[in-house]
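K.L.:
First, the structure itself, so that you have it in front of you.
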Amino acid sequence: MSLTKATYSMIQGATANVLDYGADSTGATDSTSAFNLAFATGKAVYAPTGTYLVRNVPLSTDGWAIFGDGVNLTTIKTDSTNCCFLVTARCNRIAHMSIYTPGGSSTSDGIRLGKSDGTFAQYVRIEDIRFVECLNGIYGYGTNNGYFEALFFESCTYGIHFKPVGATTGNTNGNTIVKCVAYNCSTSIWFEANANGGNASNDNLVDFTSESATDKGFNITGSRNYLSIYSDHDTNPPVIYDYLVAPNVSGGANFIVARNPDNYTYPFGNTLVATSIGSLYRLAIPFVQKTSVGITSIATSVSFATGDVAGFASDATLLVQNTTSPTATVGITMQFFVDVPVGFKITFVHAVSGTATAGFLFNQPTTGSWTLLNWTNGQNFLGFTAYPNVTFIKTSANTILKL
């Protein structure tokens, strides 16, 4: 009597196990063909515990899915210039694994969504994945309405990088990115604008955590985006500028919340154009920008008067950047201290874009007689090698203390 060897995929209703199609779980040989055969069954594909070398495995049919045993058990890796999975259909799902491009952070991607020829991946679901040493953890063309949850990006150049297909087509809209973490990445998220500057990224919800001071934040052009940033740094006051270094969030009606473990919360509405983050303020009382004064980008000395402070808030935080060329010291005259109430506190945070700047000279109001504690009029703060932030408080009717 002859016996037939049972395989996992012979069980009715079971997924297609890549091992049944010849995959090498040691990662020593290429398992791309085995993965392709498993997907050809039309079933959900299962990659059990092990390491698998693949190159550009296509998810080219709507509804295809693949999952592993978990981020510490199933590892999918690729090599130079390739990616692990290339998704060109709709409603595909990838979950429960690590994706690794060993030593390939300059050339290899973890998952690619769509292609430059206008083939889009829509309504994808990617969750519970650790991306290690990728050029782009996830690289997408015109990705819309995707769902991305519980992703960990480690030592990647870009965590998530979405770009348009052409000058006017292929936008990044309606995506939900939640419970994601970047560690030791150059940029957590980059949503590229179209070449003509229009048709940008809109209506995306992003919830991201930074676990390293080297991580930078977002490069996003668009409107109606909700960005929630958690800076996991043991610093007081919170070093939101570590995560939002020269952020490029432009467009209109974006809402951004930056927070850290000490529960400092900075919601701010971005309503400016170009590469300005706009006003940065704590809770609901803003330090407001006048249209005639560039608060974020300062190229010449400025004077901030009473009209620049909204509601006489108890405290405020302002992000400033010296944009003179060549770099030169510029002055900030804190004229608003004439009228704000005693106890008013403001923190100036230096936004550095990767090049040294000469900092800012802080000047007392030009009206009245003032006592300055712990600083001198015209003192240089916020230089590239000096203070990353500086805080002043009005301790009496005519006294300003630098904390």
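The values are calculated or read from the model by the stated rules, or taken from the named source; none is laboratory data. Keep in mind the model is a prediction, meaning the values are calculated, not measured. Positions of Cβ are backbone-derived with ideal geometry, glycine not excepted, and every protein chain shown enters the neighbour counts.
K.L.:
Identify, from the list Ala89, Ala182, the residue that is of a type in the set (Gly, Ala, Ser) and surrounded by 24 or more Cβ atoms within 10 Å (Cβ to Cβ).
P.N.:
On inspection, the qualifying residue turns out to be Ala182.
K.L.:
Working only within segment 32-60, note down all residues that are part of a helix (DSSP H, G or I) and touching a helix residue (DSSP H, G or I) at 6+ places or on another chain (Cβ under 7 Å).
P.N.:
Correct list: Ala34, Phe35, Leu37, Ala38.
K.L.:
Follow-up. Against the definition (part of a helix (DSSP H, G or I), among the small types (Gly, Ala, Ser) and modelled with pLDDT of 95 or more), how does Ala23 come out, yes or no?
P.N.:
For Ala23, the condition - part of a helix (DSSP H, G or I), among the small types (Gly, Ala, Ser) and modelled with pLDDT of 95 or more - is not met.
K.L.:
Working carefully through the options Cys134, Cys84, find the one that is over 23 Å from Ala44 (Cα atoms) and either assigned to a loop (DSSP other than H, G, I, E, B) or assigned by TED's automatic domain parsing to the domain that holds Thr176 (or both).
P.N.:
Step by step, each of Cys134, Cys84 is checked, and only Cys134 is over 23 Å from Ala44 (Cα atoms) and either assigned to a loop (DSSP other than H, G, I, E, B) or assigned by TED's automatic domain parsing to the domain that holds Thr176 (or both).
K.L.:
So, one more: Going by the structure shown, is Val71 at pLDDT 95 or above and β-branched (Val, Ile, Thr)?
P.N.:
For Val71, the condition - at pLDDT 95 or above and β-branched (Val, Ile, Thr) - is not met.
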